[in-house]
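Comments concern the structure below.
What follows draws every value from the coordinates through simple rules; no lab data is involved. As the structure is a computational prediction, the values presented were derived from the model and not from experiment. Ideal geometry is used to build each Cβ from the backbone, glycine not excepted, and the neighbour counts take in all protein chains shown.
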There are 2 protein chains.
Amino acid sequence: MSDAAGLLLAPWRGTVLHEWTDYNGHLRDAHYLVIFSMATDALMDLFGLDEAGRQATGHSIFTLESHINYLLEVKEGTPIEVRTQILGVDAKRLNVYHTLHVADTEPVLAANQQMLLNVDMSGPRAAPFAPTVLPRVQALAARHQGLPTPKYAGRSIALPG
Amino acid sequence: MSDAAGLLLAPWRGTVLHEWTDYNGHLRDAHYLVIFSMATDALMDLFGLDEAGRQATGHSIFTLESHINYLLEVKEGTPIEVRTQILGVDAKRLNVYHTLHVADTEPVLAANQQMLLNVDMSGPRAAPFAPTVLPRVQALAARHQGLPTPKYAGRSIALPG
């Protein structure tokens, strides 16, 4: 997805590490998700569930479901970034869409939709976002409300034809 | 999914390693996919794309798309296994469904559907399965043809309601 207006969140930047790559020096399929998971951690920081916020609220975020589309290979040592669009939110869930890019370039290397659940860790059990967190989640979602639905959101896997 | 008839493939068994877990000792979300990816590697061995087969054919398997449902937590040191159902196959694609279990037990810890593509590595470009491989892929698929569609196959991610 393009981000000419600079609306997307940019929660994670880094480099493709040697230990994430295969014998050809390409990022392994499972390790795209390691990167997207770090982007989700960074997104949690943005809405107040960093380590201090998790301790203060007793809440954390669990991933319920995750869908990845692999589009292009990327090599060890490449500077990369994840951009994030909030697709929706309710009282305890967050529907997010990450895209992986070579840093500062537009082509999408992979797309990852995640459904996240707010969890009261004393259970653990599903719980509404804490009063300190909900307005921040909603503000991020509102900022993305007018954006088009991205290409790989809502996909299901099937053989063609 | 239950496997009373013993029809499902059991391509991978192992243990939840320390380096796959979080500060609570639970398997991290990204590392469920590390395990499912190893199960796919073991499935490739079953139909003749082990290292020797990859060298002989010049082919390998790329993941096009992957969908995970996280159902239960699992702790460091737990013996685990993946069971695999072939959902479908065409000339160059394989639609597979993995479930993760505590070894020798039925509850599904996570489900993972993957669309796999046969690739001629000299491109790399999509290519039909090699003549040595295709009959083996088809034989596995035929063995699973009568099985019911598993619960988390074909899912798409959306907020409820």
**Asked** Among A:144, A:59, what is the fewest-to-most ranking by other Cβ atoms within 10 Å?
**Response** A:144, A:59
**Item:** Net charge dipole size for chain A [Lys, Arg +1 and Asp, Glu -1 on Cβ; Debye, nearest 20]
**Value:** 500
**Request:** Hand me the chymotrypsin sites (Phe, Trp or Tyr not before Pro) from region A:1-103 located in a DSSP loop with no more than 14 other Cβ atoms within 10 Å, in residue order please.
**Result:** A:23
**Asked** Which ³J(HN,Hα) values, rounded to whole Hz and listed in residue order, are derived for region A:54-61 from phi using the Karplus coefficients 6.51, -1.76 and 1.60 in 6.51 cos²θ - 1.76 cosθ + 1.60 with θ = phi - 60°, glycine and proline given as x?
**Response** 5, 5, 5, 8, x, 10, 8, 10
**Prompt:** What GluC sites (Glu not before Pro) does region A:1-101 have in DSSP loop regions with at most 15 other beta carbons within 10 Å?
**Reply:** A:73
**Message:** Positive end of the dipole of chain A, charges at C-beta (+1 Lys, Arg; -1 Asp, Glu), about the Cα centre: which of A:144, A:78, A:12 has its Cα farthest in that direction?
**Reply:** A:144
**Request:** Evaluate E = 1/(1 + (r/R0)^6) for residue B:46 and residue B:90, where r is the Cβ-Cβ distance and R0 equals 25 Å; express this FRET efficiency to the nearest 0.05.
**Result:** 0.85
**Item:** Pseudo-label separations to other copies for residue A:149 - Cα-to-Cβ vector, 7 Å, nm
**Value:** 1.9
**Asked** What shape does region A:115-161 have by the C-alpha gyration tensor, where a ≥ b ≥ c are the square roots of the eigenvalues, rounded means a/c under 1.5, and otherwise prolate means a/b greater than b/c and oblate the rest?
**Response** oblate
**Asked** In deg cm²/dmol, rounded to 500, what helix-only [θ] at 222 nm does chain B give when every DSSP H run of at least 4 residues adds -39500 (n - 2.57) and the total is split over its residues?
**Response** -6500 deg cm²/dmol
**Asked** Expressed as a rounded percentage, what relative contact order does chain A have, with Cα pairs under 8 Å and six or more residues apart?
**Response** 26
**Request:** Return P(r) of region A:1-129 (all Cα-Cα pairs; 10 Å bins starting at 0; whole %; ordered from short to long distances).
**Result:** 13, 41, 31, 14, 1
**Prompt:** List the trypsin sites (Lys or Arg not before Pro) in region B:78-161 that DSSP assigns to loop (not H, G, I, E or B) and whose Cβ has at most 14 other Cβ atoms within 10 Å. Which are they?
**Reply:** B:151
**Asked** From the label point of residue B:75, set 7 Å from Cα along Cα→Cβ, how far away are the matching label points in the other copies, in nm, ordered shortest to longest?
**Response** 4.5
**Request:** Find every distance from the label point of residue A:50 to the corresponding label point in the other copies (7 Å from Cα along Cα→Cβ) and write them in nm, one decimal, shortest first.
**Result:** 5.1
**Whole-number percent relative contact order across region A:1-77, with pairs defined as alpha carbons under 8 Å at least 6 apart** = 45
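What length, rounded to one decimal in nm, is gained on full extension from residue A:105 through to residue A:126, with 0.36 nm per residue of separation minus their alpha-carbon distance? Before the final figure, lay out the partial values.
Working: separation 21, 0.36 × 21 = 7.56 nm, distance 3.76 nm.
Net length gain for the segment: 3.8 nm.
Output needed for the protein assembly as shown: three equivalent-ellipsoid semi-axes, defined as square roots of 5 times the C-alpha gyration tensor eigenvalues, in descending order, whole Å. Walk me through the intermediate numbers first.
On the way: eigenvalues 218, 110, 65 Å².
Computed over the protein assembly as shown, the values are 33, 23, 18 Å.
Would you mind calculating the gained length between residue B:7 and residue B:136 on full extension (0.36 nm times residue separation, minus the Cα-Cα distance), in nm to one decimal?
Gain in length upon complete extension: 44.9 nm.
Using just the alpha carbons, could you tell me how many Å³ per residue the convex hull of region B:81-161 encloses? Walk me through the numbers before you get to the answer.
Values: hull volume 11.7 nm³, N = 81.
Each residue corresponds to 145 Å³ of Cα convex hull volume.
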**Asked** Quick one: helix B:134-143 against the long Cα principal axis of chain B, what's the angle to the nearest 10°, folded into 0 to 90?
**Response** 40
**Message:** Please give the charge dipole size of region A:96-161, origin at the Cα centre, charges +1 on K and R Cβ atoms and -1 on D and E Cβ atoms. Round to the nearest 20 debye.
**Reply:** 180
**Asked** Between residue B:18 and residue A:22, what is the label-to-label distance in nm when each label sits 7 Å out along the Cα-to-Cβ direction?
**Response** 3.0
**Fill in**
In degrees rounded to 10, the 0-90 angle between helix B:29-46 Cα long axis and the longest Cα principal axis of chain B is 40
